[in-house]
1. In the range 75-102, what residues are of a type outside the set (A, V, I, L, M, F, W, C) and either touching a Cys at 6+ places or on another chain (Cβ under 7 Å) or farther than 15 Å from PHE142 by Cα (or both)?
2. Inspect the range 175-190 for any residue being touching a helix residue (DSSP H, G or I) at 6+ places or on another chain (Cβ under 8 Å), over 18 Å from TYR50 (Cα atoms) and open to solvent by 40 Å² or more (accessible area, probe 1.4 Å) and give the result as yes or no.
3. Of the residues GLU44, GLU72, which is acidic (Asp, Glu), more than 22 Å from LEU143 (Cα to Cα) and surrounded by fewer than 17 Cβ atoms within 10 Å (Cβ to Cβ)?
4. Take the range 45-98 and flag every residue that is of a type in the set (Val, Ile, Thr) and under 22 Å from LEU212 (Cβ atoms).
5. If the requirement is being out of contact with any Gly (no Cβ under 7 Å at 6 or more places or on another chain) and in contact (Cβ under 8 Å) with a residue 40 or more places away in the chain, which of these qualifies: LEU29, LEU67, LEU43?
6. Do any helices (runs of 4 or more DSSP H) entirely within the range 1-93 hold 1 or more residues that are touching a strand residue (DSSP E or B) at 6+ places or on another chain (Cβ under 9 Å), and if so, which?
7. Starting from the range 114-133, keep only residues that are under 15 Å from TYR50 (Cβ atoms), then list their pairs with residues that are open to solvent by 70 Å² or more (accessible area, probe 1.4 Å) and outside any loop (DSSP other than H, G, I, E, B) whose Cβ atoms are within a distance under 6 Å, requiring at least 6 positions of separation or different chains.
8. So how many residues does the range 96-147 have that are among the aliphatic types (A, V, I, L, M), open to solvent by less than 40 Å² (accessible area, probe 1.4 Å) and over 13 Å from the mean Cα position of the chain (by Cα)?
Amino acid sequence: VLCKGGNAMKGLLTKDFLTVKKKYGIARLIMDFAIIAALMIILEGAGSIYISFLLVPLEVASMLITLANSDEQWKWGKYAVALPLSKKQIVSSRYAFAGIAAIIGLCVALVVNTISYFCFPAYQFGFYLFISAASFCVVLLFLAFILPSNYWLGVNAGFAVMFILIILLVVLGIWSRVTDNAIMGFVVENFDLSMIIGFISTIILFALSYILSITLFKRKYA
């Protein structure tokens, strides 16, 4: 399956999905749902924000780090470059998986924020849609830094980057609260501009990350 051009991407993606399924399983899924339910019940309206900006990015990032860790353990890189596949295809499949995982995270954020809107309606529905979209952008930003790190220095570097990004996100949240949610205030006042700038910047950074990862992978297995 991996050896026929049109099916190459499908084969690589299938390998990644099977790896995640094996590493995580139904128990992890149940645990995630339990955490989401607990945060929504305990934190009420604020629960959707913590889920969108911490839990969703953390879970998606951990999936990609799990894949990178498995690749290192199984020496997948050396095997993959021996297949009749280009190095660009190999990296593209990982970024495609990352994109699919980010979209799944977006769907989770949309569901959580929709529930929050009906159960704890503090803002207009458009605000909750923005939170979901912002969560998607945060996930892509996480991956834009983690993936090249994995290709450059290995899975430990990717894990370190994820840890640093989580700390920065928490610090940003604390700073926002100290300044009476100055960030949220700016977003509400400049909603359209914030959406456009945030989304375009994220896509550009993710694209640059993809190009960098291809370069690093080619250099690693030159």
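1. Selection gives LYS75, GLY77, LYS78, TYR79, PRO84, SER86, LYS87, LYS88, GLN89, SER92, SER93.
2. Among the residues of the range 175-190, at least one is touching a helix residue (DSSP H, G or I) at 6+ places or on another chain (Cβ under 8 Å), over 18 Å from TYR50 (Cα atoms) and open to solvent by 40 Å² or more (accessible area, probe 1.4 Å), which makes the answer yes.
3. Details: GLU72 fails: more than 22 Å from LEU143 (Cα to Cα).
Of GLU44, GLU72, the one residue that is acidic (Asp, Glu), more than 22 Å from LEU143 (Cα to Cα) and surrounded by fewer than 17 Cβ atoms within 10 Å (Cβ to Cβ) is GLU44.
4. Those that are of a type in the set (Val, Ile, Thr) and under 22 Å from LEU212 (Cβ atoms): VAL60, ILE65, THR66, VAL81, ILE90, VAL91.
5. From the options LEU29, LEU67, LEU43, the qualifying one is LEU67.
6. none
7. PHE120/GLU44
8. 2
The values are calculated or read from the model by the stated rules, or taken from the named source; none is laboratory data. For clarity, every value in this text was computed on a predicted model and none was experimentally measured. Note that each Cβ is placed from the backbone with ideal geometry, even for glycine, and that neighbours are counted across all protein chains shown. Ligands, DNA and RNA are stripped out before the accessible areas are found, and what is left, the full protein with its side chains, is counted by its heavy atoms. Shrake-Rupley method; radii C 1.70, N 1.55, O 1.52, S 1.80 Å.
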